[in-house]
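The values are calculated or read from the model by the stated rules, or taken from the named source; none is laboratory data. If you're wondering where the values come from, they're calculated on a predicted model, not measured in any experiment. For neighbour counting, all protein chains shown are included, and Cβ atoms are generated from backbone atoms with ideal geometry for every residue, glycine included.
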Amino acid sequence: MISATLVTPPSFASHVHRAPTAGQSSATHKLSSSRRRSRRVRGQQSIDSDRVTQIQQALIREHYLTGEADGKWDATTQAAMQKYQADNGWQTKLMPDSRAIKKLGLGPDYSTALNAKTGNFALPSGSAGSNPTAQSSGFAAASGVNQ
């Protein structure tokens, strides 16, 4: 009985790695290498020239760049943007930081949002941060607290 358990393979080792046959190895290799080549590049890869012109004009206005805005994301423009971001304590190694874009006045434009013209963000009239007397007395009566 002991020899029978030693000879049979254990049931927990159900997955055994076997060397592929000659036909399988080349097909598997071709499949995996073609997958590597077809990877899609993610993220922003370049900046539109109109946007670069806007950034350059803002950097010129803030005295981080001199000359004329030409719409080219060249080394001078990158250095000016990195200096601007470093002076504000933001990252300097990547594309322009969204905080830097907003601070330069080039952030998103919400003027065409659904409630931009009709939105009312002020406090309602009559509420100066205190509860009305009736509400206060009602709460006190309901809670059993004497005023």
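The table for this structure:
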quantity	calculated
Residue that is modelled with the lowest pLDDT, among those in region 89-126 that are among the charged types (D, E, K, R) and in contact with a Phe, Trp or Tyr (Cβ under 8 Å, 6 or more places away or on another chain)	D97
Test: residue in region 6-15 that is modelled with pLDDT under 80 and part of a helix (DSSP H, G or I)	yes
Meets criteria (of a type in the set (G, A, S) and either surrounded by 11 or more Cβ atoms within 10 Å (Cβ to Cβ) or at pLDDT 70 or above (or both)) for G129	no
Qualifying positions in region 58-84 - hydroxyl-bearing (S, T, Y) and either over 19 Å from Q44 (Cβ atoms) or touching a residue at least 60 places away in the same chain (Cβ under 8 Å) (or both)	Y64, T66, T76
Residue selected from region 55-72 under the condition closer than 18 Å to S98 by Cα and out of contact with any Gly (no Cβ under 9 Å at 6 or more places or on another chain), by the criterion surrounded by the fewest Cβ atoms within 10 Å (Cβ to Cβ)	E62
Options A142, A75, A86; residue that is in contact with a Ser or Thr (Cβ under 8 Å, 6 or more places away or on another chain), of a type in the set (A, V, I, L, M) and modelled with pLDDT under 95	A86
Selected residue (criterion: nearest to L104 (Cα to Cα)) from residues of region 74-88 that are under 22 Å from the mean Cα position of the chain (by Cα) and hydrophobic (A, V, I, L, M, F, W, C)	M81
